[in-house]
Each structure stands twice: as structure tokens, then as C-alpha cells.
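Student: Sharing a structure below in C-alpha cells format, with a few things to ask.
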Amino acid sequence: EPMSLSEQVMLQCTPDPDHCGGTGGCEGATIDLALNYIADITAKRKGGMFSIEDVPYNSHPKEWARECGDVTRGKTPSVGIEGWTKLPSN
């Protein structure tokens, strides 16, 4: 059965140290940075991708002010990312 994954951790927690697309987390990043972030926390066994039921998307600014660890505390990732490949543009 297909699984619905949450985008919340990628949107809220991805760092962007070079400010290419924003300043990170809720202030913006790129998909490349987000996938690298998930791959890194997967490799370190500190996180991954969570189900939408466990970590639902929340657009309320008050929720986005929470620390990244608070978003997933007590929850187990559904899947991880070991790597990814960017395909050429059409």
C-alpha cells in the first residue's frame, strides 16, 4: 500500500548555510539541500522521512517556531534516504 510522507521536517529543519534560496528552515532552502539533509540524518540515525499521520504539515507560524527536534520527538521515521540523483532538465 502506498505511504504518504510528511514534508514538514524538510520544510522546517533543512539548514541553508550559504543562503541559496533563503536562510534555512522556514525561511527557505533548495530541494537539493533538503534531500541532502534527510540523507545526512538518515545516515546518522537521527531521523528520516515520517508519515503524514505522525508529522502532519502545519503552516501556522507559531508551529514553525518550534525546534526541529520537537516536531518529531517520540516518533519513528517511516523511511530514510541513502542518496539521490538529480536528473537533467528537459
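Student: For every other residue with a beta carbon closer than 11 angstrom to the beta carbon of G48, add +1 if it is Lys or Arg and -1 if Asp or Glu, then tell me the sum.
Tutor: Taking every Cβ under 11 Å from that of G48, the sum is +2.
Student: Further question on the same structure: Do you know the relative contact order of the range 29-90, to the nearest whole percent, from alpha carbon pairs under 8 angstrom that are 6+ apart?
Tutor: Relative contact order for the range 29-90 comes out at 47 percent.
Student: Just the accessible area per residue of the chain, please: how many Å² with a 1.4 Å probe?
Tutor: Heavy-atom SASA per residue in the chain reads 69 Å².
Student: Taking the alpha-carbon distance from K75 and a cut-off under 14 Å, which aspartates and glutamates remain once sequence neighbours fewer than 8 residues away in the same chain are dropped?
Tutor: E53, D54
Student: Taking the mean number of other Cβ atoms within 10 Å as a proxy for protection, how do you rank 47-55, 5-13 from highest to lowest?
Tutor: Numbers: 47-55: 17.7, 5-13: 19.4.
Ranked by mean Cβ neighbours within 10 Å, highest first: 5-13, 47-55.
Student: When the chain is fully extended, how far beyond the present Cα-Cα distance does N58 get from K46, taking 0.36 nm per residue of separation?
Tutor: 2.2 nm
Student: How many percent of the accessible area of the chain is carbon or sulfur, using a 1.4 Å probe?
Tutor: 51 percent
Student: Additional query: Any chance you could look up the accessible area of T76 with a 1.4 Å probe, heavy atoms only, rounded to 10 Å²?
Tutor: For T76, the solvent-accessible surface is approximately 100 Å².
Student: For mean projected area of the Cα convex hull in nm², which listed value, (1) 9.9; (2) 5.8; (3) 7.1, comes from the coordinates shown?
Tutor: Evaluating mean projected area of the Cα convex hull in nm² on these atoms matches (3).
Student: Straight-line reach from K86: which aspartates and glutamates fall under 18 Å, measuring Cα to Cα and dropping same-chain residues less than 8 apart?
Tutor: Cα-Cα hits under 18 Å: D32, D40.
The values are calculated or read from the model by the stated rules, or taken from the named source; none is laboratory data. None of these values were measured; they are calculated from a predicted model. Glycine also receives a Cβ, built like all others from the backbone with ideal geometry; neighbour counts cover every protein chain displayed. Protein only, heavy atoms only, side chains kept; ligands, DNA and RNA dropped before computing areas. Shrake-Rupley method; radii C 1.70, N 1.55, O 1.52, S 1.80 Å.
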